[in-house]
Amino acid sequence: MPLVSTAPLLASAAERRAGLGAFNLVNVETAEALVAAAEQTGLPVILQISQNCVAYHGSRLAPLARFAQALAEGSDARVALHLDHAEDADLAREAVDLGFGSVMYDGAKLPFDENVATTRGVVAHAHDAGVIVEAELGEIGGKDGAHAPGVRTDPDEARSFVADTGVDALAVAVGSSHAMTSREASLDDSLIGRLAEAVPVPLVLHGSSGVSDDGIRSAIRSGITKVNVSTHLNGFFTRAVRERLADEAVVDIRKYLGPGREAMTAETARLLRVFAEA
């Protein structure tokens, strides 16, 4: 089916107090794995293309968007397309014009007032096209060394930021860190609850790869709606590839990328069920 809008998926998950899985594609095989997991479970999925992914593929967003759209159209799964962690406002606007259902403009490095002003501009462009915007407030540790560990999102500041910008979802810093390869992060569920009460939009958990299943379930019950996972799934893909390449006779790319895709599909399906049943 055609790509679906992100907005109703978020609204439905928030109403049911369930988690909505949002996973980053890197290449053809990872995108196929994520859609296959949605097909297997019958649950919706948000395919995310990050600014880093765009840079990896020659700074060309359009071919990635067209592939994701074609993949969705060939599937019976509900698939939404999201631009993740765009620190470039122009890239966010391009994604809107390409038909993404949602974009994340990440101005967390900017001073508060500048973040508000730039985010407001992205929101205006997106809303004119019926696209929703996620933003980030309160630095989340581990992202390219730019975000300080231990920082937490302030509920009062969050309330003001959402009101001033008109964003539709808010990524918050509550104890997780990007790019963690072990699931040892401890989230502040009390803070999540206060943030959920402070703002009228769904909350987003970044850095979920470092959080255990039980930790994610608890975060969802406390008020998280959208759950972003990347590194954790990449680990399943990479381990399967590494195991296959232990056979030095293997040279056909398909012989090792295929098992990687299968491993990622299985773990993505498992996570989708964990989030939906929280």
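The values are calculated or read from the model by the stated rules, or taken from the named source; none is laboratory data. Given the structure is predicted, the values throughout are model-derived calculations rather than measurements. Neighbour counts are summed over all protein chains in view; Cβ atoms, including those assigned to glycine, are modelled from backbone coordinates with ideal geometry.
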Q: Go through Leu272, Leu245 for me and flag whichever is among the aliphatic types (A, V, I, L, M), over 15 Å from Glu32 (Cα atoms) and touching a strand residue (DSSP E or B) at 6+ places or on another chain (Cβ under 8 Å).
A: Leu272
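Residue-wise test of (1) crowded, with 18+ Cβ neighbours inside 10 Å; (2) among the aliphatic types (A, V, I, L, M); (3) more than 21 Å from Ala7 (Cα to Cα); (4) out of contact with any strand residue (DSSP E or B) (no Cβ under 6 Å at 6 or more places or on another chain).
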residue	(1), (2), (3), (4)
His57	no, no, yes, yes
Asp84	yes, no, no, no
Ala95	yes, yes, no, no
Lys109	no, no, yes, yes
Asp113	no, no, yes, yes
Q.
Scan segment 234-257 and tell me whether some residue there is under 23 Å from Ala158 (Cβ atoms) and at pLDDT below 95.
A. no
Q. Scanning for something hydroxyl-bearing (Ser, Thr, Tyr), outside any strand (DSSP E or B) and modelled with pLDDT of 95 or more, does segment 210-218 turn up at least one residue?
A. no
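Here is a check on your reading of the model: is Leu10 in contact (Cβ under 8 Å) with a residue 24 or more places away in the chain, surrounded by 24 or more Cβ atoms within 10 Å (Cβ to Cβ) and out of contact with any Asp or Glu (no Cβ under 9 Å at 6 or more places or on another chain)?
In short, no.
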